[in-house]
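Have a look at the structure that comes next, please.
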Amino acid sequence: MEKFTTHTGIGVPLRRSNVDTDQIIPAVYLKRVTRTGFEDALFAAWRGDESFVLNQDEYKAGSVLVAGPDFGTGSSREHAVWALKDYGFKVVLASRFADIFRGNSGKQGLVTGIVSQENIELLWKLLETEPGKQITVSLEDRTATCGELTVPFEIDDYVRWRLMEGLDDIGLTLQNEGDITAFEGTRDAWRPKTLPAKTDEKFVVEAARPAQ
Amino acid sequence: MGTTLAEKLWADHLVRKGEDGAPDLIYIDLHMCHEVTSPQAFEGLRLAGRQVRRPDLTIATEDHNTPTLDIDKPIADLTSRTQVDTLRNNAKEFGIRIHSLGDADQGIVHVVGPQLGLTMPGMTVVCGDSHTSTHGAFGSLAFGIGTSEVEHVLATQTLPLKPFKTMAINVEGELPEGSTAKDIILAIIAKIGTGGGQGYVLEYRGEAIRKLSMEARMTICNMSIEAGARAGMIAPDETTFEYVKGRPHAPEGAEWDAAVDYWRTLTTDDDAVFDTEVTLNAADLEPFVTWGTNPGQGLPLSATVPNPAEIADADEREAAANAIKYMGLTPGQPLRDLAIDTVFLGSCTNGRIEDLRAAAEIIQGRTKAPNTRMLVVPGSARVRLQAEQEGLDKVFIEFGAEWRNAGCSMCLGMNPDQLKPEERSASTSNRNFEGRQGKGGRTHLVSPLVAAATAVRGTLSSPADLADADVLVGAGA
């Protein structure tokens, strides 16, 4: 993962609350098996509407999304984060985020900064008065600056550290593999295993689709 | 001070305590996979040269993309077929058990786990699907994860996690006839909001919850995510043990006894303190339906479409106005007057045998409204088989409903079962987001009882509405 310290880019005001992950990327785009190439899918249903903010020339190249509360609710699809990143977004600012979305963002290097709704409103006004205005986001200082206005944002300390160092979670966990093995030695015998497979003898049916 | 159920489960799965602000490392007992959120995770393993640490704690099934008709033919949509084939190939390569389309144990991942007896009390259960909260009904800590976390669990069988806060949801009193678990959870979400559970594990408690069957408890826990919570849970009791006992993967003999001894300890201590508590009286609950485009925008069926101008909060007012526009509604319109094009009975929320039985009981001997279609999609192939053994399929077919094969179906627009633009549905699924059931589709979330009564009358209805002889026109015809 790339290290993140500071980023400057065009701010995009998204005046909507409860933007769920079905809006960020509709299910029909989830069929791909790759991790990139989702930029066309971002906000797909709204992109057809000329008045949608990303269809306006000044905001098209945006990289800092300033959204309403409860951003990223609903489905756990990490595709929502990939679509935002593939489009070019590096940061999302909102007063509240859904837990899974925020977690997914942290794993993928997308910064989710929690800004008070009052300050979100101030940012919206600035970005709407002067479309194309840039925002500088400093992860080091936990601030977002737009012209004269600097607002603080919250982000989990550990996530911030990982983003700034560009560290991969699996690598970090495997440093403690000995602890995992030790824990496995203490697990109760009744805990189920998926293998060997057991199925319900009451129902014996032939597969409708022949095995490959 | 005592501890809550969630805290006990956390402590029992703690591999390593996080230091200096680092998250705890939590062991995962069961990892379920499906075709949509796993391909990039397996690819990540391949690129890093890693193996699946515990294939014996992992299981895969095909559900989101799978068609519910013509399942003996190759999947017509090529990208869907590629995704399903990718899961099959990954399962083969990494040695993971998979239940493919056509297999008797295929179905929606959250129906398959409990049915096989792989979900039981005292576990940690994850899946790359937000409705993994379903499994919390057994007194387990169960939650949805993103694809990066799927890869993490495949590689390490653990997850780095910060402890959740705890919220008690006390549902007291007795549920009136005609109201169901679905109405309880829709009312809870309307009360605390779609963000109300953020950061929390919800524990559903109280008299009304204790009286629910396991399948009804699963319906409640399933929609915890719709209140913003990662997980929801219900302490295990005799109802839980009875449900698990005898299932294919349930412990037997001495192991069963040891398990039950442990499971009995899985309750929140009397002196434990929750971070937040919410109380609801079940006796007040009427059948609940959603009118808007998030699951918190719900009202009793007897209500009218709200008027945004009367909503004080600016944000909620705008959200309501957007929703009413999208849904093609008029403020003040009675919800009961809304004509429904499609009734969908199914999904991981309400696609279990009890849901099918409840709906079949309502429609038996009645005739479907002529302009309403009804899709009945069992949550798993076994639910379908069970229903057929009980003759429910005949009841649905005689009524005029379509009897389909198992899968996520119309819950989300990833397979051929979709709404057309502006088509209005009464759906027993879990999300009424814009376009969720197909681009431009309009979704009203309902219980299986409301779904069935709606299919009879053609407008949003509860079984109580059917008591009126006038509406029984065509019954038995």
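May I ask you to work out the translational diffusion coefficient for chain B at 10 °C, viscosity 1.306 mPa s, via Stokes-Einstein with Rh from the Kirkwood sum over Cα pairs, reported in whole µm²/s?
Answer, rounded: 70 µm²/s.
Now, a different point. Once phi is turned into ³J(HN,Hα) by the Karplus curve 6.51 cos²θ - 1.76 cosθ + 1.60 with θ = phi - 60°, what whole-Hz value does each residue of region B:423-429 show in order, with x for glycine and proline?
6, 10, 10, 10, 10, 7, 7
Count neighbours as other Cβ atoms within 10 Å of each site's Cβ, and list the chymotrypsin sites (Phe, Trp or Tyr not before Pro) in region A:22-72 that are DSSP loop with at most 15 such neighbours.
Sparse-neighbourhood loop chymotrypsin sites (Phe, Trp or Tyr not before Pro): A:Phe52.
Here is a further query. Please identify the trypsin sites (Lys or Arg not before Pro) of region A:32-79 that satisfy two criteria: DSSP loop assignment and at most 10 other Cβ atoms within 10 Å. Which are they?
Nothing satisfies the criteria.
Straight-line reach from B:Lys368: which lysines have a Cα under 25 Å away, not including same-chain ones fewer than 8 places off?
B:Lys182, B:Lys394, B:Lys420
If amide H atoms are built 1.01 Å from N in the plane of the peptide, which residues on other chains or at least 5 residues away come under 5 Å of the amide H of B:Gly117?
B:His249
For A:Lys133, give me every one of the aspartates and glutamates with a C-alpha distance below 14 angstrom, ignoring sequence neighbours fewer than eight places off in its own chain.
A:Asp57, A:Glu58, A:Glu148
Which is the longest run of chain B containing none of the GluC sites (Glu not before Pro) found in DSSP loop states (not H, G, I, E, B) with at most 14 other C-beta atoms within 10 Å?
No qualifying site falls inside B:20-173, the longest such stretch.
Name the long-range amide H neighbours of B:His444: under 5 Å, sequence gap of 5 or more, or other chain; modelled H, no Pro or chain starts.
When sequence neighbours closer than 5 places are left aside, the close amide H contacts are B:Ser425, B:Ala426, B:Ser427.
Still on this structure, I have one more. If you build the convex hull over the alpha carbons only and average its shadow over all orientations, what do you get for region B:353-440? Give it in nm² to one decimal.
Mean projected area of the Cα convex hull: 5.7 nm².
Neighbour counts of other C-beta atoms within 10 Å: give me B:Asp271, B:Asp56 arranged from fewest to most.
By the 10 Å Cβ count, ascending, the order reads B:Asp271, B:Asp56.
Moving on. Just the number, please: percent antiparallel of the DSSP beta bridges in chain A, rounded to the nearest 5.
50
Here's another thing I want to ask about it. If you rank A:Lys90, A:Lys31 by fewest surrounding Cβ atoms within 10 Å, what's the result?
Result, fewest neighbours first: A:Lys90, A:Lys31.
Roughly what would the spin-label model give for A:Glu50 and B:Glu177, points 7 Å off Cα along C-beta, in nm?
5.9
Using only Cα atoms, what is the ratio of the radius of gyration of region B:136-205 to 2.2 N^0.38 Å?
Taking N as the residue count of region B:136-205, the ratio is 1.41.
Along each of its three principal axes, how wide is the spread of alpha-carbon positions in the protein assembly as shown, in whole angstrom units, largest first?
So the three principal-axis extents are 73, 61, 55 Å.
Continuing with this model, one more query. Karplus couplings for region B:168-175 from phi (6.51 cos²θ - 1.76 cosθ + 1.60, θ = phi - 60°), rounded to Hz, Gly and Pro as x?
Taking θ as phi minus 60°, the curve returns 8, 10, 8, 10, 8, x, 10, 6 Hz for region B:168-175.
Please average, across the residues of A:97-107, the number of beta carbons from any other chain that are within 10 Å of each residue's own beta carbon, and give a whole number.
Average neighbour count from other chains, rounded to a whole number: 6.
Using the Karplus curve 6.51 cos²θ - 1.76 cosθ + 1.60 with θ = phi - 60°, what ³J(HN,Hα) values do you get for each residue of region B:244-249, in whole Hz, with x for Gly and Pro?
Ordered by residue, 3J(HN,Hα) equals 6, 4, x, 6, x, 9 Hz.
Determine the calculated [θ] at 222 nm for chain B from helices alone, applying -39500 (n - 2.57) to every DSSP H run no shorter than 4 residues and normalising by the residue count; nearest 500 deg cm²/dmol.
-9000 deg cm²/dmol
A further question on this structure: Kindly state, as a whole number, the per residue volume in cubic angstrom of the convex hull around the alpha carbon atoms of chain A.
188
Helix-only estimate, please: 222 nm mean residue ellipticity of chain A, summing -39500 (n - 2.57) across DSSP H runs of length 4 or more and dividing by its residues, to the nearest 500.
It comes out at -8000 deg cm²/dmol, rounded to the nearest 500.
For labels at A:Lys202 and A:Glu177 in the simple 7 Å Cα→Cβ model, what's the distance in nm?
Using points 7 Å along Cα→Cβ, the separation is 4.4 nm.
Within region B:439-469, what residues put their amide N at less than 16 Å from the label point 7 Å along the Cα-to-Cβ vector of B:Gln364?
Those under the cut-off are B:449, B:452-453.
Going by alpha carbons, how many degrees (0 to 90, nearest 10) lie between the helix axis of A:117-129 and the longest principal axis of chain A?
With both axes taken from Cα atoms, the answer is about 60 degrees.
Quote the charge dipole size of region A:71-212 about the Cα centre in Debye, to the nearest 20; the model charges only the Cβ of Lys and Arg (+1) and of Asp and Glu (-1).
For region A:71-212, the charge dipole is close to 480 debye.
If you don't mind, there's one more thing I want to ask. Does a label point 7 Å from the Cα of A:Asp157, set along Cα-to-beta-carbon, have any residues of region B:1-37 with amide nitrogen under 18 Å, and which are they?
B:17-25
Same structure, new question: What is the antiparallel percent of DSSP beta bridges lying wholly in chain B, to the nearest 5?
Expressed as a percentage, antiparallel bridges in chain B total about 25.
Which cross-chain or sequence-distant (5 or more) residues have an amide H under 5 Å from the amide H of B:Ile98, H modelled 1.01 Å from N in plane?
B:Ala60
Follow-up question, since we're still on this one. What's the average, rounded to a whole number, of partner chain beta-carbon atoms within 10 Å of each residue's beta-carbon in A:169-181?
Partner Cβ neighbours, averaged per residue: 6.
Report for the protein assembly as shown the percent antiparallel among DSSP-assigned beta bridges with both residues inside it, nearest 5.
Roughly 30 percent of the DSSP beta bridges within the protein assembly as shown come out antiparallel.
Using Cα positions and a limit of under 20 Å, work out the lysines in reach of A:Lys198, with same-chain residues fewer than 8 apart set aside.
Hits, sequence-local ones excluded: B:Lys92, B:Lys245.
Bear in mind that the values in this text are calculations on the coordinates, not laboratory data. This is a predicted model, so every value here is computed, not measured. Using ideal geometry, Cβ is built from the backbone for each residue, glycine included, and neighbour counts are taken over all protein chains shown.
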